[in-house]
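The values are calculated or read from the model by the stated rules, or taken from the named source; none is laboratory data. Keep in mind that this is a model prediction, so the values were computed, not measured. Cβ placement follows ideal geometry from the backbone for every residue including glycine, while neighbour counts extend to all protein chains displayed. Surface areas here come from the heavy atoms of the whole protein model, side chains and all, with no ligands, DNA or RNA. Shrake-Rupley method; radii C 1.70, N 1.55, O 1.52, S 1.80 Å.
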Amino acid sequence: MAASTSEASDPSQYDLTHHVSPYLDAHLVFPLLEFLEENTSYDAGAVQRARLELLAPTNMGDYAIEIREELGANHPSHCAGAPTVEELTPHRDRALNKLDKLEEDHKEMNELLADEDAMDALKRAGEFNAATFESKHGITAEAWATYADFAKFLYECGDYETARDMLDNYLEVKCPQGAKVDDRAFQALWGKFASEILLKNWDGALADLLRLKTAIDDHGSPPLEMLQQRSWLLHWSLFVFFNHPKGHDGIIDLFLSEKYLQAIQTNCPWLLRYLTCAVIINKRRRSTLKDLVRVVSQEHDLRGDPVTTFLDCLYVKFDFDAAQTTLAACDKALRSDYFLCNCADAFMEDARLFVFETYCRIHTKIDIDMLAGKLVMDRERAERWVVDLIRGALLDAKIDSQDSCVVMGTDQNTVYSQVIDKTRDLSNRSAALLAAIETKLCEAR
């Protein structure tokens, strides 16, 4: 997919969709394409063509035909090699016929599971399990397997809510909490997680994410396959972490955990953009900044990403001019990123504060005009910004109007503050060490 302009200022140059989409289910890519079409300079016809290519293999036949007709009418230059309406129609008809058959085959089972009173009674009695359904209703293991396949078929049709409910029933019966996850249940977990994301049920999606994280560890896949599964989970988690109220804490915990950090460094270093953004805008987790800077400083393939480059310039190279230039690019990159567009204002505000705090550590007197340039702000706005920081007790300084500069106060770090800073993460590091030891012991057994 090519951008319609090659100018250096084009925000589409910072787009990570081509990196992220291979790790997403096709249905999860649709929201990204819709965002690109509305918020970037990508050619609308190229985006439509990409959407059609994703739709063609699914069971969303009517939608695929609609997109193909729009493509032919509005962007005929992008139709070469695309499936025609005549080619898509038989696939749509076969999907509808199969849907009718599956609905007929599972009619009794669906009616039984839709009886909320009966199901609640079974749950209260502790009988909502495979054995009860087989003994009292004749629902065998094979019937549950075809039921899960039906849920997947509905998901491919775009009926995410029904698919989610059916997969929830399947998992509750065949793989209750605490039970070992077999291959089919593992696939069902991924399907339910995707459905929750597409339904924007962020509480349910977060619960599924945590359950999948445990299932990946316990499933017993080969190491290379497990690495790939963790890479998938990292990408899928972006939907949750940048929409759930507790997401900014969650992404820091997951992305900085040992196994998932290894997956990022091995398979997908571009995800450090999202971790960097979360750390910068999360004031309560500033203690993780040192770990993040260490990780970013080890990466050599991030020159094209302004967000991680900003961190590298500011905390590794202490190059304030480069940080200033990169900060302007950060604003464009975040506003053209599906996951980060709503964080752009918060990031820019906190990033300016990071620049200011770092600059203040090595200067006692700062010219306001020069400061405005460092913060990518005009002089009046920069002065108001500093005044607000002083009033909010976030800055020990005063403004010298005569010399037009900011005079920094003396801020000596007490012994007590140093002890607190050095021990702040002790409990988290101890817990991580204990978990690692337990893992090694389990592997040894």
- Item | Mean separation of Cα contacts under 8 Å, 6 or more apart, over the residue count of the range 260-378: relative contact order % | 22
- Any chance you could check the Cα centroid distance between the range 297-366 and the range 92-134 for me, in angstrom? 53
- Message: Give me the 1.4 Å probe accessible area per residue for the range 71-138, excluding ligands and nucleic acids, in Å².
- Response: 67
- Note on the structure: Most fluctuating of 249, 15, 183 in the GNM of the chain (C-alpha, under 10 Å) is 183
- Item | the chain: most fluctuating residue of 131, 46, 26 per GNM, C-alpha cutoff 10 Å | 131
- Would you please give the residues with an amide H less than 5 Å from that of residue 42, counting only those at least 5 places away or on a separate chain, with H modeled from the backbone geometry? 4
- Message: Please list, by residue number, every one of the trypsin sites (Lys or Arg not before Pro) in the range 233-283 that is coil in DSSP and has at most 15 other beta-carbon atoms within 10 Å.
- Response: 246
- With all protein chains present and a 1.4 Å probe, how do 369, 305 order by accessible area, largest first? 369, 305
- Along the range 60-67, Karplus-curve 3J(HN,Hα) (6.51, -1.76, 1.60; θ = phi - 60°) to the nearest Hz, with x for Gly and Pro, reads 8, x, 5, 5, 4, 5, 4, 5
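So between residue 94 and residue 26, what do we pick up on full extension, going 0.36 nm a residue minus the alpha carbon distance? Don't jump to the answer; show the numbers that get you there.
Values: separation 68, 0.36 × 68 = 24.48 nm, distance 2.04 nm.
Separation in residues times 0.36 nm, less the Cα-Cα distance, equals 22.4 nm.
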- Query: Taking the range 262-336, which chymotrypsin sites (Phe, Trp or Tyr not before Pro) meet the DSSP loop condition and have no more than 15 other C-beta atoms within 10 Å?
  - Reply: 318
- Which of these, 177, 402, 324, has the largest mean-square fluctuation under a Gaussian network model of the chain (Cα springs below 10 Å)? 402
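Got a sec? What order do 268, 79 fall in by accessible area at 1.4 Å, biggest, i.e. largest, first?
Working: 268 0, 79 25 Å².
Largest to smallest exposure gives the sequence 79, 268.
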- Item | Distance (nanometres) between label positions extended 7 Å along Cα→Cβ at residue 289 and residue 131 | 5.7
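List, in the order given, every pair from 259/332; 213/332; 152/246; 101/152; 101/200; 136/192 whose Cα-Cα distance in the structure shown is over 24 Å. Numbers along the way, then the final one.
Numbers: 259/332 32 Å; 213/332 33 Å; 152/246 30 Å; 101/152 15 Å; 101/200 30 Å; 136/192 27 Å.
Result: 259/332; 213/332; 152/246; 101/200; 136/192 exceed 24 Å.
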- Between helix 426-444 and the chain: long-axis angle, C-alpha atoms, 0 to 90°, nearest 10: 40
- Item | In sequence order, calculated HN-Hα J values of the range 170-187 (Karplus, 6.51, -1.76, 1.60; Hz; x Gly/Pro) | 4, 5, 5, 7, 8, 8, x, 3, x, 7, 5, 8, 8, 4, 5, 5, 4, 5
- Where does helix 26-39 land angle-wise versus the long Cα axis of the chain, in degrees 0 to 90, nearest 10? 40
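Say R0 is 60 Å: what FRET efficiency, to the nearest 0.05, do residue 370 and residue 34 get from their beta-carbon distance? Don't skip to the answer; put the middle values down first.
Numbers: r = 43 Å, r/R0 = 0.71.
For R0 = 60 Å, the calculated efficiency reads 0.90.
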- Item | Rounded to 10°, Cα long-axis angle of helix 141-156 versus longest principal axis of the chain | 50
- Which percent of the accessible heavy-atom area of the chain goes to carbon and sulfur, probe 1.4 angstrom? 50
- Message: Between (i) 35; (ii) 26; (iii) 45, which entry matches percent of Cα pairs over 35 Å apart as derived from the coordinates of this structure?
- Response: (iii)
- Under a cut-off of 23 Å between alpha-carbon atoms, report the lysines in cross-link reach of residue 365, not counting same-chain residues fewer than 8 places apart. 317, 374, 398
- Counting only heavy atoms of the protein chains, get the accessible area per residue of the range 208-297 (1.4 Å probe) and round it to a whole Å² value. 38
- Note on the structure: If unit charges are put on Cβ atoms (+1 for Lys and Arg, -1 for Asp and Glu) and the dipole of the range 143-251 is taken about its Cα centre, the option from 162, 244, 146 lying farthest towards the positive end turns out to be 244
